[in-house]
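Each remark here refers to the structure printed beneath this line.
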Amino acid sequence: MRNMKNFTFLALIFILVAGIITVKSVNPHDADIEDNEFAEFEEFEDGDILEDGDRAEFPEDVEVQQQKEGEAEGEDEDESTVETEDDDDEFDHFTDEDEFIGFDKSQSSSSGKSKDLPDLKMAKVPGHLRTNWDSFYMEILMLAGLAVYFLNFIHGKNKNHKLAQAWLQSNRELLESNFSIVGDDGSTKEAQAGTLMKESENVYALWCSGRTALEGMLVELRLLKRQDLISTMTNMFKPASDQQLVTIDLDKNVMDKFVFAIATKKSCSKIHKEMIDLSQFTEKKSLDKYSDLPNSYQLLSEVGEASNALLDKKVCQVLTKFEGLVEFMHFSDQFCGAKAQDESQTTKMPEVKPVMIFCFNVPGKGKSKPADMEHLKPLLQLVFYCLEKVSRLQLGKEARNKTEKNRKKAEEQFLKAAHSQLQEAAQLRREEKRRQEKERMMNEEDPDKTRKWEERESRREMKRKQPKMKMMKI
């Protein structure tokens, strides 16, 4: 009995070992087998595909799976048919010759589907524009230009203001000694003093009054447009000077009848052409008998007696010493301004008044400093000296008769020109009236009226062409 039990125990062990060996042969990876009907699919992740070697190890399972799939497909075909695209059609756009340059479709198809498709290289996209400062060079240049223009405006404005204040401080004492009111702007009823009027960023004016023999004196400082960047750059290539313009309005009957001017040769041609009084009454004279005057000046005179009296030794010395600073001096009893651009509108005599005009250049040739304004003080003294000379000057009888004839002649020429302009205007009005009447008669429906009008016009035309005869009494 005991031997029988041992044999039974050995048989059980043998059967157990045989079962274990059988299980090992079925599961070569020594994976634990759980009691789960889906356990055989847990070893594979989504997208894993069994290779050919794996299929060979499970031939029976593969056949069973294919048989089940065939039965399932047979059942689905009875109900409906599902069309699926081939896997190769999904990647057909990679073999399009229009999409990819240099791709040979025929070569790709001949090589077979097993070959890999060519590698696609993506173009490098540049960074965003905001990260590249080179793309904003135009904006940077514009901002830099505006900054330079703004800084130049401030600098030029301040410099012109300093020059104007320096001129006022250097000449204020001299002006106050000759006028009772210096710097009245006219803004209030009561007279003010010391006000330098600012007409623009480069033009300053000072009005002085309260002196015998004149209504007033206006001093204008016409400085360069330093606040304008374009003008500043132009002055670099074509230098110009700041100017001081002095205009004195004389009382009537204070100045004798004559017109006189002395100017640099460059300015002489300009003012002789533009000013009405200079172009009508003066002629260019030689400076041979004025040996003290430099050759850079030109004389415009109506009568020689006035020129000899004004260009005395003291005036000639000042002109020689400050050659280039005195631009011109213009004295006239017939001053009426510059010529109008449209002379056809002048149908009446312009108003004339006696004036004295001085134009001085500031030293420095555009690079003036506040200290240079002190050099204009002797020229301002020349203004008052010439004022005294003109107010005391009395022409002789012969010179006065000559000036009277010149003024009558100028008045006759003006009236004649005005009369001819009035005749031309009247002729234009008559022609316009005749043209309108002709258009009206052409539109007239009555032929008798048209015929009578034509006969009347023909008789009028013949009468106009006939020579005029004067009857003489014997």
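The values are calculated or read from the model by the stated rules, or taken from the named source; none is laboratory data. Computed from a predicted structure; not experimentally measured. Glycine also receives a Cβ, built like all others from the backbone with ideal geometry; neighbour counts cover every protein chain displayed.
Yes or no, residue by residue, for (1) within 30 Å of Asp277 (Cβ to Cβ); (2) under 53 Å from the mean Cα position of the chain (by Cα):
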{"residue": "Lys405", "(1), (2)": "yes, yes"}
{"residue": "Glu411", "(1), (2)": "yes, yes"}
{"residue": "Leu415", "(1), (2)": "yes, yes"}
{"residue": "Leu422", "(1), (2)": "yes, yes"}
{"residue": "Arg440", "(1), (2)": "no, yes"}
{"residue": "Arg451", "(1), (2)": "no, no"}
{"residue": "Ser458", "(1), (2)": "no, no"}
{"residue": "Lys465", "(1), (2)": "no, no"}
query: Counting just the residues of segment 253-281 that are closer than 22 Å to Lys402 by Cβ and small (Gly, Ala, Ser), which one comes out modelled with the highest pLDDT?
result: Ala261
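Given the condition touching a helix residue (DSSP H, G or I) at 6+ places or on another chain (Cβ under 7 Å) and assigned to a helix (DSSP H, G or I), answer yes or no: does some residue in segment 417-435 qualify? First the steps, then the outcome.
Step one: filter segment 417-435 for residues touching a helix residue (DSSP H, G or I) at 6+ places or on another chain (Cβ under 7 Å), giving 421.
Narrowing the set further to residues that are assigned to a helix (DSSP H, G or I) leaves 421.
Checking segment 417-435: at least one residue is touching a helix residue (DSSP H, G or I) at 6+ places or on another chain (Cβ under 7 Å) and assigned to a helix (DSSP H, G or I).
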- prompt: Among the residues of segment 274-283, which ones are loosely packed, with under 13 Cβ neighbours inside 10 Å and either in a strand (DSSP E or B) or free of Cβ contacts under 8 Å to residues at least 60 places away in the same chain (or both)?
  reply: Glu283
- prompt: In segment 170-187, which residues are without any contact (Cβ under 8 Å) to a residue 12 or more places away in the chain and farther than 19 Å from Glu215 by Cα?
  reply: Glu173
Segment 220-273 - residue that is surrounded by 16 or more Cβ atoms within 10 Å (Cβ to Cβ) and among the acidic types (Asp, Glu) and, of those, nearest to the chain's Cα centre (by Cα): Asp228
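Among the residues that make up segment 300-309, is at least one of them within 30 Å of His419 (Cβ to Cβ) and β-branched (Val, Ile, Thr)?
For segment 300-309, residues within 30 Å of His419 (Cβ to Cβ) and β-branched (Val, Ile, Thr): present.
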